[in-house]
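Taking it in order: structure first as structure tokens, then the write-up.
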Amino acid sequence: MNIQQTGISFNSHINGESYQEIRQGSREIKKFGIKFKTPAYFAESKSDFYSVFPEPKRVMMNLLRVCNAFFNSDEKIEKEDYSAYRAWLEENVGVARYDLRTMPISVERAKAKFGFIGEVNYVIGKDKKFAKLTDALLSFSKYANVGGGRTSGMGVVDYWSE
């Protein structure tokens, strides 16, 4: 069977956004939700263990690290802002609701044996200092995935924010 016989059209294109477009389109959000469509997990620093719960700090700091790997030197988040953002997340972003389940991971290269899928809703407190950065990182998540095994198709997410 050749490609014409399948009925699949290749006239589509892939849309992308520059970092500047993502940052310019970001808003000062009050809450957001993430739907984990494929299994996700987060590595524990200097440990053989993995987290299967998407705490705000784990999710957003993971995205920030991945973003910084792609940024030009003038776009990177500075180390002192990195620490300030981590502290802000710990003090100002919480889990409002979640509906998650764990499942075995069948990707050979995955370091964890289990991941989670499902939905989580988060709320941002009164201090909105990094709310726009959070919205920008969430926008980036649709291109980068979240957590361990991202390049193997793990941690694919959809999100909403308001």
Where a ≥ b ≥ c are the square roots of the eigenvalues of the C-alpha gyration tensor, would you call region 73-140 rounded, which needs a/c under 1.5, or, failing that, prolate if a/b is larger than b/c, or oblate?
oblate
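Among Arg23, Arg97, Arg58, what is the fewest-to-most ranking by other Cβ atoms within 10 Å?
Numbers: Arg23 16, Arg97 10, Arg58 19.
The fewest-first ordering by Cβ neighbours comes to Arg97, Arg23, Arg58.
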Charge dipole magnitude, Cβ of K and R +1, D and E -1 - the chain, Cα centre, debye nearest 20
300
Taking the Cβ of Glu119 as the centre, find all other residues whose Cβ is under 11 Å away and add up their charges (Lys, Arg: +1; Asp, Glu: -1).
+2
Which of these, Phe49, Phe114, Phe32, has the largest mean-square fluctuation under a Gaussian network model of the chain (Cα springs below 10 Å)?
Phe49
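How much net charge surrounds Ser152 when only the other residues with a Cβ under 10 Å from the Cβ of Ser152 are counted, with Lys and Arg +1 and Asp and Glu -1? Walk me through the numbers on the way to the answer.
Values: positive: Arg109, Arg150; negative: Glu108.
So the environment of Ser152 carries a net charge of +1.
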Note down, for the chain, the three equivalent ellipsoid semi-axes (square root of 5 times each alpha carbon gyration tensor eigenvalue), biggest first, whole angstrom.
27, 22, 16
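Length gain on complete extension for the stretch Ser18 to Lys57, per 0.36 nm per residue less the alpha carbon to alpha carbon distance? Mind showing how you got there, number by number?
Working: separation 39, 0.36 × 39 = 14.04 nm, distance 2.45 nm.
Here the segment from Ser18 to Lys57 would lengthen by 11.6 nm.
Add +1 for every Lys or Arg and -1 for every Asp or Glu among the other residues with Cβ under 11 Å from the Cβ of Phe130, and state the total.
Net charge in that neighbourhood comes out at -1.
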Given springs between every Cα pair under 10 Å in a Gaussian network model of the chain, which of Gly149, Gly25, Gly94 has the largest fluctuation?
Gly25
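Since every read-out is calculated from the coordinates, none of them should be taken as a lab result. Everything numeric here is computed off the predicted structure, so don't read it as measured data. Don't worry about glycine lacking a Cβ; one is built from the backbone with ideal geometry, like all the others, and counts go over all protein chains shown.
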